[in-house]
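Here's the structure we're looking at; comments come further down.
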Amino acid sequence: MKDVIHIGILGLGVVGSGTVALLQQNRQIIERKVGARLNIRRIAVRDIHKRRPVEVDRSLLTSNPIEVLDDPEIDIVCELIGGVSPAKEYVLRALRNGKHIVTANKEMIAKEGHAIMEEAGRRQLDFQFEGSVAGGIPIIQPMKNALSGNAIQEIMGIVNGTTNYILTRMTLENADFAAVLREAQALGYAEADPSSDIEGFDAQYKLAILSSIAFTCRVSLQKVYVEGITHITRRDIECARELGYVIKLLAIGSRVGSDAIQARVHPALLPVNHPLASTNDVYNAIYLRGDSVGDVMFYGRGAGMMPTGSAVVGDIIDVCRNLLRGATGRTPCTCFDQREMLPMDTVETKYYLRMLVLDKPGVLAAIAGVLGENEVSIESVVQKATAHQQAEIIWVTHRVRESNMRAALKQIDALPVVASIENWLRVEE
Ligand SMILES: NC(=O)c1ccc[n+]([C@@H]2O[C@H](COP(=O)([O-])OP(=O)(O)OC[C@H]3O[C@@H](n4cnc5c(N)ncnc54)[C@H](OP(=O)(O)O)[C@@H]3O)[C@@H](O)[C@H]2O)c1
């Protein structure tokens with residue numbers, strides 16, 4: 001049996017530094033668990049002179065990734081640079097050189113995972129990606145192992161810490177989106193360019209990965225509906241609160257019949273007593289329902305240097321154990337099934353609808369008439385007088401198909417008595 005396993009790392013940013021720091025900090029216990037010494041042999045970065053949040057022997061650093069990818073001594077390559085290119089090319093080159101891969105790169109997996117996993121599968125190599133979804137929360141390995149006997153019916157998660165922080169602060173401080181976004185950027189919880197988080201794309205990548213594992217099928221990213229949180233206002237949060245709800249950015253994957261699935265990312269109203277409703281600030285949570293296990297919930301830190309480092313190191317340990325016992329490649333890609341991905345129009349849920357109307361008799365009845373014509377039945381309605389002879393009306397509907405709701409909204413928007421549809425959101429239970 002090998003007594004040293006050599007590791008090459010691509011990237012020494014947030015996650016790379018957390019990975020190296022944890023390997024240093026818990027070296028003894030990690031090596032005892034593995035049964036061999038772990039040696040970081042080379043680390044590729046863009047700028048070898050940059051200050052790092054972790055102490056590393058400078059001679060390990062290189063600005064040439066090929067020195068990691070083509071080093072015949074290296075057993076495991078950790079890809080922690082992010083993005084699709086050149087990360088994908090580096091991962092494929094490492095696989096072709098017989099190296100096992102650990103990565104936290106959700107975008108690369110969501111867009112190119114299948115090709116990479118096929119390459120790893122053909123070569124009986126490990127490709128592990130626990131850190132790619134919900135940072136420090138174990139979810140990929142539990143789904144692939146402990147829960148793998150279940151047919152998963154549904155996954156619902158809060159998988160983006162930035163948007164959860166923004167929505168939590170808006171709720172607790174009665175603050176506007178733009179002000180909280182600036183605060184999140186100052187605290188380092190949001191990127192200078194926050195679009196991937198606030199437009200929902202980060203959550204879309206994560207949901208694509210989770211759904212492909214849960215429903216054992218390939219998930220085309222383009223068919224995962226995505227809507228961000230930029231249109232959520234302080235007023236919507238206030239109205240939701242009065243109705244007994246909080247607003248969260250949810251990633252929802254569900255099985256529909258035996259051959260189809262739905263996957264969608266959007267903000268939604270959740271009842272305050274829902275298990276996910278109290279997941280606040282940068283925390284993430286994933287709730288899933290299996291046919292045998294029932295409801296399971298995972299909760300923890302969904303990003304950050306040490307939490308994501310924890311996931312990457314867990315994967316490294318797993319690969320080392322497989323490697324030492326000749327069992328690599330034992331958990332290959334499980335996308336066996338062909339499933340139709342149903343469009344958003346077919347989703348059935350409840351809706352919250354807030355509008356400004358002229359404050360005069362008959363308006364409520366006119367709007368209720370349009371809703372009724374489109375088979376949208378009403379669970380509750382609240383009308384409040386505002387300034388300028390207008391009234392605000394807040395509706396919550398019963399469950400209805402999204403196509404009906406959209407048709408009704410189009411007609412309501414055209415009614416002369418309706419000044420504006422201020423917002424409409426889905427309500428999940
Ligand atoms: N940050 C998180 O909390 C978190 C959580 C879960 C998953 N992830 C994922 O983990 C991955 C890394 O994220 P991160 O936040 O650690 O990113 P980061 O802080 O920007 O670090 C990226 C690192 O990669 C290096 N790098 C970039 N392009 C390179 C290239 N072409 N060749 C060599 N090195 C290159 C950079 O070098 P320099 O330092 O020299 O510029 C840097 O060290 C991403 O896929 C991300 O989605 C991140």
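Readers should treat all values here as calculations from the given coordinates under stated rules, not as data from a laboratory. Here the structure is a predicted model, which is why all the values come from computation and not from measurement. Cβ placement follows ideal geometry from the backbone for every residue including glycine, while neighbour counts extend to all protein chains displayed.
Listed values, structure above:
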| item | result |
| --- | --- |
| J(HN,Hα) series, the range 309-321, from Karplus relation 6.51 cos²θ - 1.76 cosθ + 1.60, nearest Hz, glycine and proline x | x, 4, 5, 5, 5, x, 5, 4, 4, 4, 5, 4, 4 |
| Cα centroid separation - the range 1-78 against the range 92-118, whole Å | 18 |
| In nm, spacing of pseudo-spin labels at Glu379 and Ser292 (7 Å Cα→C-beta vector) | 3.4 |
| Neighbour-count order for Met117, Met156, fewest beta carbons within 10 angstrom listed first | Met117, Met156 |
| Shape metrics for the range 297-418, restricted to C-alpha atoms - Rg then Dmax, Å | 25.6, 78 |
| Sorted peptide list for 287-300, 325-338, 226-239, criterion being average Cβ within 10 angstrom, highest first | 226-239, 287-300, 325-338 |
| Residues Val159, Val347 arranged by fewest to most Cβ contacts within 10 Å | Val347, Val159 |
| Residue order, fewest to most surrounding Cβ atoms within 10 angstrom, among Arg182, Arg255 | Arg182, Arg255 |
| Descending principal axes extents, the range 45-158, alpha-carbon based, whole Å | 49, 33, 23 |
| Within straight-line cross-link reach of Lys410, lysines at Cα separation under 28 Å, skipping those fewer than 8 residues along the same chain | Lys223, Lys248, Lys350, Lys360, Lys384 |
| Gaussian network model of the chain, Cα within-10 Å springs - most flexible of Gly98, Gly13, Gly362 | Gly362 |
| Calculated FRET value between Ala366 and Asn145, using beta carbons and R₀ = 45 Å, to 0.05 | 0.20 |
| Two-site FRET efficiency, His231 against Met1, from Cβ-Cβ distance with R₀ of 45 Å, rounded to 0.05 | 0.20 |
| Extended-chain gain in nm, criterion 0.36 nm per residue less alpha-carbon gap, Ser278 and Leu356 | 25.0 nm |
| HN-Hα J in Hz across the range 184-201 - Karplus 6.51, -1.76, 1.60, θ = phi - 60°, x for Gly and Pro | 4, 5, 5, 7, x, 8, 10, 6, 4, 9, x, 4, 4, 7, 6, 8, x, 5 |
| Pairwise FRET efficiency - Lys223 versus Arg399, Cβ, R0 = 30 Å, nearest 0.05 | 0.85 |
| P(r) tail fraction, the range 225-353 - alpha-carbon pairs more than 16 Å apart, % | 76 |
| Simple Cβ-charge dipole of the range 84-242, Lys/Arg +1 and Asp/Glu -1, about Cα centre, in debye nearest 20 | 720 |
| Sparsely packed trypsin sites (Lys or Arg not before Pro) within the range 32-87, loop by DSSP, other Cβ within 10 Å at most 13 | Arg46, Lys50, Arg51 |
| Length gained when the stretch Gln24-Arg241 is fully extended (0.36 nm per residue, less Cα-Cα span) | 73.5 nm |
| Cα pair distances exceeding 20 angstrom across the range 158-258, given as percent | 43 |
| The range 113-243: relative contact order as a whole-number percent, Cα under 8 Å and 6+ apart | 25 |
| Whole-angstrom Cα spans of the chain along principal axes, big to small | 83, 47, 33 |
| Summed side-chain charge close to Val45 - residues other than Val45 whose Cβ falls under 14 Å, Lys, Arg +1, Asp, Glu -1 | +2 |
